Each structure stands twice: as C-alpha cells, then as structure tokens.
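First the structure, in the form of structure tokens, and then the observations on it.
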Amino acid sequence: MSASSPPLLRVQNLQVVYHSVVRALRGITLEVPTRGVVALLGPNGAGKSTALRAISGLLDLHDGAITQGHIELSGQSLLPLAADGRVRAGVVQVLEGRRILDALSVEENLLAGGFGMGPQARRELVESAFTRFPLLRERRRQPAGYLSGGEQQLLAICRGLMRRPRVLLLDEPFLGLSPKAVGEVAELIRHISDEGVSVLLVEQNAKVALGLASHGYVLETGKVVLDGPAEQLREDPDVQEFYLGFGREGQRGYHELKRYRRKRRWLS
Amino acid sequence: MTQLLQLGISGLALGASYALIALGFSVVYRASRLFNFAHGELLSLGAFLMTALAQVLPWWLALAATAALTGGLAALLERAVLRRMVGRPVFTTIILTLFLGLLLRAGIVIAFGADTRGMPTPWDAMAEVQLGDSTVLLSSLVSLGATTVVLVGLHGLVQRTPLGVAMRASSENQEVALSLGIPVGRVLGFTWFLAGATAAVAGVFLGMFPRSVDSNLGYVALRAFPAIIVGGLESVVGAVVAAFVLGLLEVLSQAYVNPHLGAFGHNFHAVFPYAAMILFLVLRPRGLWGEHEVRRV
C-alpha cells in the first residue's frame with residue numbers, strides 16, 4: 001500500500017454492538033487502497049462479517065448498531081446512507097454462503113444486482129458477465145439453484161459487480177468450494193482487482209487470501225491484533241502456526257491438531 | 001348444456017374476483033410473511049369508494065382512482081404499522097391485522113353509512129348477453145375480462161420487469177436484496193399497494209348486480225381464503241388458479257348439488273370451498289403448488 005495516495009475506504013475505530021449488549025467489534029481501524037486486494041483474516045466469531053456488514057449497511061437486519069467510529073469512502077462518510085445508498089455510492093457486499101436467489105433464473109439474478117440502473121447499462125453488464133463466463137450464458141434461463149457451488153459463487157460475484165462498485169466486500173468466497181472452484185474464484189478476484197475494483201476479502205483460508213492480497217489484517221475477538229503487507233504476514237510465525245497450518249518445526253500432525261483443539265475447548 | 005355454460009361463466013366471474021383477492025393476500029404473505037386479515041376491509045373500502053367516485057368521475061377513471069387510493073392506504077398501513085412488527089411472532093401480527101380490519105370497517109361505516117348501495121355501472125346492471133342458447137350477465141363478462149387483463153398485466157410486471165425481479169428477489173431473501181442495493185422497504189410498500197389496488201378492483205366487481213355493496217362485503221374475502229390454502233401459500237399462481245376453480249365449483253354446486261341435499265343443502269355451496277380446504281389441509285397441507293423450492297442436492 002502506498003502511503004502517498006489516500007485510501008478509498010477507511011474504517012476508523014469502529015465499534016459494533018448486537019442486540020444492544022453484545023460487543024462484536026471493539027474499535028477496529030483498517031484501510032483499503034484505491035487498487036488492490038486487502039485480506040481480513042481471523043477465526044470464527046472474530047467479527048469479520050460484522051465489519052463487512054457495518055461497511056455495507058446490513059447491520060440493522062441483524063439488530064446490530066455502530067456505537068462509535070467512522071466509515072468513509074474517499075473522504076465521504078457512509079454512515080448516513082442506508083444499504084441501497086451505499087451500493088449506489090459504490091460499496092457492494094457479496095454475502096457469505098453465496099446466497100444465490102434459487103427461484104430466479106441465472107440471468108434474473110444478474111438483473112436483480114442491476115436494479116435501479118438504466119436498461120442500456122444493465123444489458124451491457126449482463127453481457128460482460130456472460131462474456132466472462134460463457135457457462136452462465138448457456139444457463140441463463142435455468143433456475144440459478146441448479147448451478148454447482150463454484151458456479152454459484154462466480155455468479156454471486158458477477159451479480160455484485162452489476163452496479164460497477166468501487167470496492168467489493170467478499171465474505172468467505174471460498175467457503176465449501178472444491179479446490180478447482182477455489183482456483184476459479186481466486187482467478188476472478190484477481191481479474192476484478194486488475195480492472196480497478198478494490199477488494200476487501202474476508203477469509204479463513206489464509207493461504208489463498210494472502211496469495212491474492214497486498215495487505216492483510218488479522219482480527220481476533222473484535223480487535224485488529226496484527227496487520228501488515230501480505231508477504232510479511234505470510235512470514236509471521238503466529239500467522240503460520242494458526243492460519244497457515246504450520247508448526248514452528250514444519251507441518252503439524254492431525255493427532256496434535258486434535259489435542260490442540262481439545263485444549264482450547266477446555267480453556268475457553 | 002346451455003345452463004352449464006351460463007353457470008360456468010358466472011362461476012368464472014366469481015372465481016376471477018376471488019383470484020384478485022387471493023392474489024393480494026398471497027403477494028403480501030410472500031413479501032412480509034404475514035396474514036393480512038384486514039384485506040377484506042380493503043376490498044369493502046374499494047367498493048364504497050367506487051360508489052362515491054363513480055358519481056363524479058367517468059367510470060373507468062373512477063375505477064383507477066379507487067384502486068390507487070385503496071392501494072395507497074394499504075401501503076400506508078404497511079409503512080406506519082406493520083413494518084414495526086417485522087420479526088415479531090406471527091400471532092401478534094395476526095391480531096394486529098384483525099384489529100386494523102375492525103378499525104377500517106368502523107371507518108367505512110362512519111364515512112359511508114351502513115346502508116346497502118348498488119354498484120353503479122356504465123352499462124345497464126341487468127343487461128344480458130346472448131351466447132349461443134344461453135344468456136349471461138354483461139357484468140359477469142366485464143368482470144371476467146377486466147380481471148383477466150389485470151392478472152395478465154401483473155404477471156407481466158412480476159415476471160418481465162426490473163421491478164418484478166426486485167419484488168421476487170426481496171420476497172426470496174431480504175438480506176440478499178438489500179446487499180444488491182434494492183430498496184426493500186419501498187418494494188414492500190409497492191407490494192402492499194398492489195394488494196390494496198387489486199382488492200379494490202375485486203370489491204367493485206363483487207358489488208355489482210346481482211350482489212350489492214354493504215358493510216359486510218369484507219367477509220367475502222374469507223371466501224377466497226380456501227383458494228390460498230388449496231393453491232399453496234407460497235405460490236401466487238397456484239392461489240389464482242385455485243380461486244378460479246373454487247369460484248366455478250361454488251356456482252356449480254349451488255345449482256347441481258344443493259337441490260339434492262334437501263334442507264341440509266340450503267347453503268352447501270358456501271361451505272363447499274372450506275370443505276375442500278380442510279381436505280387439503282389434511283391430505284396435502286402445502287397445497288397444490290406450495291413450496292416447490294429448487295434445492296441443489
């Protein structure tokens with residue numbers, strides 16, 4: 001990340017509370033530059049999805065609220081905007097678990113992503129998605145629920161691109177995908193980034209995520225515990241041990257992993 | 001044979017009005033997951049508004065204004081009252097809509113009085129049309145025709161337009177729709193508008209000769225209720241088809257079954273749709289078309 005250009009998306013000291021009592025984020029600060037991929041890593045329950053929801057304006061739906069902090073897109077605060085306003089401003093979230101609209105056709109899923117655009121622009125973007133993935137064109141009239149998991153994820157990301165976002169928030173796009181599909185989705189993310197769309201990537205699959213990202217943040221129990229350039233994080237011994245699956249003296253055995261988990265359960 | 005055709009057309013005309021009611025009930029259920037028991041009073045309100053507006057406006061314009069006003073009121077109810085109930089137990093919203101229905105009913109009696117009124121029509125209310133050997137009421141043909149136009153138009157709107165895609169996306173998954181920048185709240189309001197508008201149109205046609213407009217017209221909506229269960233709560237098309245079938249069966253059983261049941265059969269046709277509904281609830285509770293979601297295996 002170059003220090004000279006101001007960041008596209010800036011999150012400052014963000015605190016989020018669910019149901020007025022559960023603190024999910026305890027003041028996180030992060031930045032997404034005008035180009036490139038930023039990874040947000042962390043275990044389950046660290047607050048990764050909460051951070052994305054806060055940025056995209058979907059907290060209300062989960063009875064969550066921002067109690068402190070700022071979210072700015074090129075210097076403009078996003079906080080006064082509702083979810084649809086933030087999409088118009090250029091922030092689009094692709095939800096965890098693909099969330100394809102099963103009953104709608106492949107094409108209608110894309111069209112739903114382009115709601116509120118002119119017919120001309122909408123048509124062009126559907127075409128560009130079809131050009132990217134000819135398979136989607138072949139199946140345009142089929143219910144989108146019939147696509148495979150990997151295809152659904154590709155469709156979900158293309159659907160998120162319909163409004164020409166400036167920053168795309170991806171929530172665990174590799175979850176539950178086959179290794180081949182992981183490769184395809186990673187390829188798509190790389191393309192999107194090359195085309196000038198910034199990406200904030202939330203992942204548990206740290207290996208893939210740090211392979212794509214230029215910068216990374218590690219979140220634990222609602223706080224950023226570590227951040228730095230991706231190559232630096234890849235070399236970090238803690239990240240290697242907890243997120244990349246390496247022990248200090250090489251690969252850990254499955255036997256030991258089980259013991260580690262059991263120990264953790266006792267302690268927590 | 002001639003009698004059958006005659007009954008068939010008036011049955012379909014009745015079914016058409018049921019279809020409009022069932023449609024409104026069903027789209028609201030799909031969009032907000034609640035049973036709107038005030039729906040019948042919206043229908044009643046539409047009929048009364050029409051009797052007043054048709055005095056001052058050309059008939060078709062009055063019909064459009066009635067639909068728009070009733071739809072607007074429905075959208076207002078959703079925004080002001082029911083939106084706050086999102087996430088509350090179904091029971092609460094049912095009681096609330098029942099209460100709203102009572103309020104509306106009282107409001108209608110205060111505004112329009114409790115007298116029975118005739119529904120004004122630009123054609124002679126008793127006019128009959130010769131179809132082969134049989135004669136049918138012109139009103140039946142008009143209501144069948146107008147309803148078909150409305151239903152086809154709505155189907156086109158929902159299936160072919162961006163707004164329709166947004167409506168279906170919002171009713172399938174609100175969070176996804178929000179994440180795509182669809183203003184789910186406004187889409188929901190529009191859904192209620194459509195429900196109110198179609199209820200008003202149904203009320204206008206149900207109030208025509210041989211029936212009339214009185215403050216009990218709202219209860220007719222309950223007659224369309226079996227159609228929703230038989231067609232499947234999730235399926236708007238199913239509810240519409242079932243409404244036509246039940247309207248037809250109601251009229252036919254009145255002519256062919258009631259006479260054979262003696263004193264017991266006096267109002268059998270009115271009970272018949274409920275009997276069908278109970279049969280469905282026992283044998284196939286999801287209805288004919290309900291819940292056939294696509295699932296990936």
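The values are calculated or read from the model by the stated rules, or taken from the named source; none is laboratory data. Because the structure is predicted, anything quoted here is derived from the model rather than measured. All Cβ positions, glycine included, derive from the backbone under ideal geometry; neighbour counts span all protein chains shown.
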Verdict on A:L210 being of a type outside the set (G, A, S), closer than 27 Å to A:P7 by Cα, modelled with pLDDT of 90 or more and outside any helix (DSSP H, G or I): no
Single residue of region B:110-160 satisfying the filter (β-branched (V, I, T) and assigned to a helix (DSSP H, G or I)) that is farthest from the other protein chains (Cβ to nearest Cβ): B:I110
Residue satisfying condition, being of a type in the set (A, V, I, L, M, F, W, C), in a strand (DSSP E or B) and either within 14 Å of another protein chain (Cβ to nearest Cβ) or crowded, with 20+ Cβ neighbours inside 10 Å (or both), within set A:A46, A:A24: A:A24
Boolean, B:S179 is within 7 Å of chain A (Cβ to nearest Cβ) and either of a type in the set (D, E, K, R) or out of contact with any Asp or Glu (no Cβ under 7 Å at 6 or more places or on another chain) (or both): yes
Top-ranked residue of region A:166-219 - restricted to ones that are crowded, with 19+ Cβ neighbours inside 10 Å and of a type in the set (D, E), ranked as farthest from B:V176 (Cα to Cα): A:E203
Region A:49-65: number of residues that are surrounded by fewer than 17 Cβ atoms within 10 Å (Cβ to Cβ) and either outside the structural domain of A:R23 (by TED's automatic domain parsing) or touching a residue at least 40 places away in the same chain (Cβ under 8 Å) (or both): 3
Selected residue [within 13 Å of chain B (Cβ to nearest Cβ) and more than 13 Å from the chain's Cα centre (by Cα)] from A:R164, A:R190: A:R164
Residue in region B:161-174 that is outside any helix (DSSP H, G or I), more than 9 Å from every other protein chain (Cβ to nearest Cβ) and surrounded by fewer than 20 Cβ atoms within 10 Å (Cβ to Cβ) present: yes
Among residues of region A:94-126, those that are surrounded by 18 or more Cβ atoms within 10 Å (Cβ to Cβ), part of a helix (DSSP H, G or I) and either in contact with a helix residue (DSSP H, G or I) (Cβ under 6 Å, 6 or more places away or on another chain) or more than 10 Å from chain B (Cβ to nearest Cβ) (or both), counted: 9
Filter result for B:E128 (closer than 21 Å to B:W60 by Cα and either without any contact (Cβ under 8 Å) to a residue 60 or more places away in the chain or within 23 Å of the chain's Cα centre (by Cα) (or both)): yes
Breaking point among (1) within 25 Å of A:G196 (Cα to Cα); (2) in contact with a helix residue (DSSP H, G or I) (Cβ under 7 Å, 6 or more places away or on another chain), for A:S49: (2)
Candidate set: region A:127-139, residues that are among the hydrophobic types (A, V, I, L, M, F, W, C) and part of a helix (DSSP H, G or I); chosen: the one farthest from A:G90 (Cα to Cα): A:L135
Qualifying residue in region B:204-226 (condition: more than 13 Å from the chain's Cα centre (by Cα) and within 14 Å of another protein chain (Cβ to nearest Cβ)): no
